[in-house]
Amino acid sequence: MIFTRLDRSQKEAQNLKRLLVRTDERPLEIAVMAFQAVCMLLLSLKDGQIDAFSVLLGACLPLGTYLGLKLITHFWPVDRAMYLITMFLCALSVILLRAVFSSTLKAKTQAMYLVPGFGSLLIGIGVPRLLNGREAIIKLAMPAFVALMLLPFGFTTASAARSWVNLGAIQFQPSELLKPATVLVLASGFSFGKKFGRWIVYALYGFALCMILLFQRDLGAMLLYFLLICAMFTAGTGKWRLTLIALAAAAGLGALFISISGKVEGFGYIATRIDIWKNPWSGKHEESRQIVQGLMSVSSGGLFGAGLGLSYARKVAVVGSDYIFAAVCEEFGMVFAICVLLLCMTLMLLGMRQAMNARSRFHALLAFGCAFELISQTLLIVGGNLNILPLTGVTLPFVSEGGSSLVGSMLMMGMILGVSSINAQDEYDDLMRLTSGKGVKE
Amino acid sequence: MEVQTYEKLAVIMRYPLALAGVFIALRALYMAFKDGVRASRLRSGEAKYGAVAMFSVLPAERRGKAQRIPILRNGCVGSSGASDVRIKGMGLAGRQFDYEIRSGLMHISLIRSAGVSLVGKRANEEITSTIVLAPGEKLMVGRAVIGFEMLKTPRGANSPAGNKVYRLKGKQQ
Amino acid sequence: MKQTRRLIRLFALALSFMTVFTVITYITMVKTNASRWLNNAQNTRLREARKTTRQGTVYDCEMIALSLSEKPGERSYIANDSIRLAMSHTIGDQYGMSETGVENRHATALLGLSDITGADKTLQRLMGSEPAGYDVVLTVSAQLSAYVSSLFPQGSRGACVIVNYKTGAILGKVSLPAYDPADIGAAVQDTAYYDRVLQYRYAPGSTFKIVTLSSALENLGGIAEKQFDCESLWSFAGSTIRCAGGKAHGRISLKEAFSESCNITFAKLAYETGASNLRRTAENYAFNDNFLFEDVVLYSSHCLNSAASVSEVIQTGFGQGTCEATPLHMAMIAGAVANDGVMMEPKLIKEIRRPGGGATQTMKSAQYKRVTDSENAKTIAQYMYLAVRNGTGKSAQITGYTAGKVCGKTGSAEFSNDKEAGTHAWYVGFLYGDEQHPYAIAVIVEKGGSGGAVAAPIASKALKKAVEMNLY
C-alpha cells in the first residue's frame, strides 16, 4: 500500500499533478536551492582558504532537496510547499552551524544527521498510509514507548543530564523520538469519539509520560507533551470544557509547584529561571549570562544581520540548540528572522489544512498533532530566546542542532506529508468519479 | 582570501540573502493561501466549473453546515467505489440509488430502498422505487440526510464542460 | 468529524495569532531596547570592535575634543586636567567602570555598530577604508563644567547639573568625587565611578516643597490666600516637626511660608492635601517613573510609592521621609516650572556625525510630560522668585544680571536620624523670562549644611558663568 504507484498513463499522471499541484512549486524550489548553494559557497571562503566541505555541501544540499522532491513525489502526491520549507530549515541549520562556529565540526555532524533525517521523513510518510488508527499494534506499542521513555534512568549518573541515553558513539533523547510516537498513539486513541472508556486509557498514557519527564527534570518537554495531550484531546473528542478544567488544574498545580520548587531537591533551578526571566539584567545569578548574551545577540543583528560568519553568536551559551534563533537574528538580521517565523507559521497552516481535509479522524488528528507540536515548540523556544517566556530548553524544530530533535521532527513532518498524500489521492479519486471517469483532457 | 575581502563579501551578501528569505516566506504563504482559495472554490463547486447542482449531505443527528458535493452529471450514489458519488460511513448501501436531473428536478430511482425515507413536509409519503425531489427537499438514506440545490446557471446535465472542470488559472504546464 | 475540523481551524487561528504576536513583540522589543542592551560592559562585541575600529571622537558643545582615538585600540583624553576630571563621568571610560558615561552608553555609536550605521558600514567596507566609528558631539560645555567643579569646596562630594529647560539639553554636568578616565586603575575615592547627577538619589529636603506647593494649589481651593501658624514645633501622628534652626515663623501666608521655607506649614499642607493627591502630583512630576531616555541613563526617583502612613505623608511634605530624587530630576522639575509646566526630556547628544563630517543625527527636543498647568507654574515661579529675592535663597542672586529673574528654592536635607549628622545642601532654581538663557540648575553638596549658605552661592556663580558663555 505504500507504493501506490499510479500505474495510469503518463497523461493521467500529468492530470493528477495538474489537479493537485495547484500552484507551481518551481519558484520556491529554485529559491530554496539557490539560497542553500549561495550560503554554503559563501561560507566556504570564511576561513581564508576554500573549505572543501562547505563547497561539497553547497552542491549537495540543493541537489539533495531537488532529488528528494523528485523521489518522493514520484511515489506519493505530497504537499510540495511543506517539503521545500522543511528542507530550507534543515539547510539553515547546517548553514548557521557553519557560520557561527569557527570549527566545522558541528556543521559536519548536522549534515551527517540529515541522512537519517531524510530517512525518517520517508518512514513518516509511510505511517499514515499503512495505518488507519485501529490497529492493535498501536495499543501494543504503548508499553514499549513508556519503556523507551524510562531508558535514561538506567543510563545516567546523578550529575549528567537525565533525559539522554548514552550508548557510547550514539546518544539520543528518547523524549524527542517519542513525540511522533505519542502523536500516533493519541491520534489513534482520541479518534474514537466521546465515549469515556475509550479515551481515558490514552489520556492516562499521556500523563504517565509527563510524569516520567517530570522525574527526569525535563520540564520543557513535559510542558510540550502536556499541551499536546490537551490539544489532541480537545480536537479529537470535542470535550473542550474538560480540557479547560484540566488546564486550570495544571496551572494551579504548576504555580504551587513553582512556589515550593526551591525546597524540592533538584528543582531549585526553577525559581532561578523565573527570577532571571523577570529581570535578566540584575546580574544576581550566574545563569542569567545566557539570556543576557542571547538578548544582546538578538539586537546586534540590526535589520539585515552582521553578515554571514561575522557574528559573535558563538558567545551565547548553547547557541546551537537553545539559542539558535538568536543566531538567526544576529547572522541574518531581523527581516530574515521574521521570515523564518512566518515560514514556521506557514508550515503549521499547511499542516492544519491537511488535517482539515483528511477523510478520517485518525488522519486528521495525526496531522493536527504533528503540526501543533512543531509550532508550539517553535513558539516556546522563540519566546524563551526573546525573554517573553522563561527559557524551557526545547529546540527549534529542524533548525536546532541535534540528531534526536531532527529525527523526531522529520518523523512528524513525514506523517503530515503522508496524510497530505492520502488527501491528494482521495481528492483525485473523487474527481475521477465526478468527471465521467475520462480524466481531464484539454 | 583575506579576512577583509571575506568581510566585504559577507556584508554585501546580507541584502540578497535577506531578500531571498523574504521571497521564500512570501512565496510559501502565497502558495498556502492560493491553494486554499482554489480548494474551497472547488469544493463549493462554482458554476464555472460546470457544476449543475449540489448535493448536500448531513449526518442525521448533526446540525449545521452540510457537506456539499458538486453534481456534474447523472450517476449513482452509494458507499462503494462503484458509485459516482461516494458517501462513506453513513450506512448507505454499496450502490444506493441512481439520480438524474431533468427540468430542474432530481429523479431518483432506488436500487436499494431499505432505510430510505423522506424528511420534512413529505415525511409521511410512501416510498416507491422512484422519487422526485424538488430543490431543497431532503431524503434520509441510512444515517445521512441528502438534499440538493440547483446552481444559478445550470449548463445542462450532461455538459461536456465536465471534462474541463479543473482548468488552472495562469500557469499551464 | 465536523467538530474536529472546526476545532482544528480554531487552533490554527489561535496559533497564527500567537506567532504574529511573537513577531510584533520581537520588533517592538528590539526597537525600544536595543541601544540599552548593546551598550553594556558585558557585550564582547564592543571589546572586539574596539580592537579593530577607530572609535569616534567625543566633543563638547563648543567642539573641544574630549576624547579621541588616533588608531584602533587606543584612546587618549584631553590634556587639561580640570576639564578631564570634571567631565570624567560624562565622557565615561573604556572599561565600563562608569556605566552612564558616553563611551559606555553610546559605545555603539562611537564604534559604528548602531542601527544608524548599518548602510554606512557596508559602504565603509566596500571602500576599503579603515572601519571608524561616529563622532559624538555633546550638549555639555566642558569649560562650564570645569568651572562649576572648581566652585565646590575642596574635597566635598556632590553634584551640579545645568539644563536648558526649553530644549532639554544638558549644558553643565559635574559629579564629585571624580576619577581620571585616562588613568583607570589608579586609586580613587570610593564611589568615585558613580555619576551622582544620574545615579544617586538624595532626600530632596525643602526643594520638594515645589511639588507640595503644586499639589496644594491644584487640590486645595483658595489655599493661596490662607494664613498659617508656625509655632516652631508641631507634634502630629507620632512625629515632631520642627522648622530649620527651631525658628517660629508665626502667622504667615503661603507665599512667605515657601520663601522662608517653613517646614511646619508644608507638613500641614501635605496632610491637608492627602496621600493620594500628593502621590498623584508627585507622579505628574515624574516621581516613580521608570525613565527610559535615549541619551542618558537616569535612575528613578521615588515618592510615596507604597502605602504610606500619615507621618510619612507629613514628612514628605517637606521632602524628608522616604522621598528621594536625583539631581537631574530636580533640575528637570525646576525647568518644568519655568517652562510653563512642561518637562522636557533631557538630552546629552547634540549631534552624531560621520568621520568625514556630516551629521547623521541631530538632537530633537521632546516633551516628556506636563507636570502642572500653566497657571500654577506661573504662581510657583513667582513664589520661587520671592524665595530668592527675600527668602532663604538670597545668596543665589546674580549681581549684574537683569535680563531675567533668578528664581529658586533652597533645601537642607537631613539624611540620617542622628541629630549631629548634618544636612545635604540643596539648591534648585532657574532663570525666568530670559529667552536667550533659559537655564535650570540643581546643586547638591553632600553634608554641606545649609542650602542657602553653601549650595545657593555655587548656583549663582555657575549660572552667571553660563550666561557669560551664552550657552543655549
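What to note about this one:
- Taken together, the criteria exclude A:G301 from residues that are within 7 Å of another protein chain (Cβ to nearest Cβ), surrounded by 21 or more Cβ atoms within 10 Å (Cβ to Cβ) and in contact with an Asp or Glu (Cβ under 8 Å, 6 or more places away or on another chain).
- Some residue of segment A:337-359 being more than 9 Å from chain B (Cβ to nearest Cβ), outside any helix (DSSP H, G or I) and modelled with pLDDT under 90: yes
- Note on segment C:227-253: among residues that are buried (at least 16 other Cβ atoms within 10 Å of the Cβ) and either of a type in the set (G, A, S) or out of contact with any strand residue (DSSP E or B) (no Cβ under 7 Å at 6 or more places or on another chain) (or both), the one that is farthest from C:A453 (Cα to Cα) is C:S239.
- When we screen A:S288, A:S311 for residues that are of a type in the set (G, A, S) and without any contact (Cβ under 8 Å) to a residue 40 or more places away in the chain, the only hit is A:S288.
- Within the set A:V394, A:V399, A:V382, the sole residue that is among the hydrophobic types (A, V, I, L, M, F, W, C), under 30 Å from A:N279 (Cα atoms) and within 9 Å of chain C (Cβ to nearest Cβ) turns out to be A:V382.
- Number of residues in segment B:74-90 that are buried (at least 19 other Cβ atoms within 10 Å of the Cβ) and either more than 8 Å from every other protein chain (Cβ to nearest Cβ) or in a loop (DSSP other than H, G, I, E, B) (or both): the value is 7.
- Every pair of residues 6+ apart whose Cβ atoms lie under 6 Å, when the first sits in segment C:1-21 and is facing chain A (nearest Cβ under 7 Å) while the second is small (G, A, S) and assigned to a helix (DSSP H, G or I): C:T4/A:A235; C:T4/A:A364; C:L7/A:A235; C:I8/A:A235; C:I8/A:A355
- Test: residue in segment C:365-377 that is in contact with a Gly (Cβ under 9 Å, 6 or more places away or on another chain), small (G, A, S) and closer than 25 Å to C:S412 by Cα: yes
- Matching residues, segment C:352-387, being basic (K, R) and in contact (Cβ under 8 Å) with a residue 60 or more places away in the chain: C:R353, C:R354, C:K369, C:R370
- Of all residues in segment C:277-294, exactly one satisfies the criterion of being among the aliphatic types (A, V, I, L, M), assigned to a loop (DSSP other than H, G, I, E, B) and on the phi < 0 side of the Ramachandran plot, namely C:L292.
- One residue from C:T410, C:T392 being assigned to a loop (DSSP other than H, G, I, E, B) and either surrounded by 24 or more Cβ atoms within 10 Å (Cβ to Cβ) or among the hydrophobic types (A, V, I, L, M, F, W, C) (or both): C:T392
- Enumeration of residues in segment C:400-438 that are within 22 Å of the chain's Cα centre (by Cα) and aromatic (F, W, Y): C:F415, C:W426, C:Y427, C:F430, C:Y432
- Pairs are defined by a Cβ separation below 6 Å, a sequence spacing of at least 6 or placement on different chains, a first member in segment C:65-84 that is surrounded by fewer than 18 Cβ atoms within 10 Å (Cβ to Cβ), and a second member that is in a strand (DSSP E or B) and modelled with pLDDT of 90 or more; the pairs so defined are C:A65/C:Y59.
- Of residues in segment C:161-212 being aromatic (F, W, Y) and part of a loop (DSSP other than H, G, I, E, B), the one surrounded by the fewest Cβ atoms within 10 Å (Cβ to Cβ): C:Y194
The values are calculated or read from the model by the stated rules, or taken from the named source; none is laboratory data. Bear in mind the structure is a predicted one, so any value in this text is a computation, not a measurement. Using ideal geometry, Cβ is built from the backbone for each residue, glycine included, and neighbour counts are taken over all protein chains shown.
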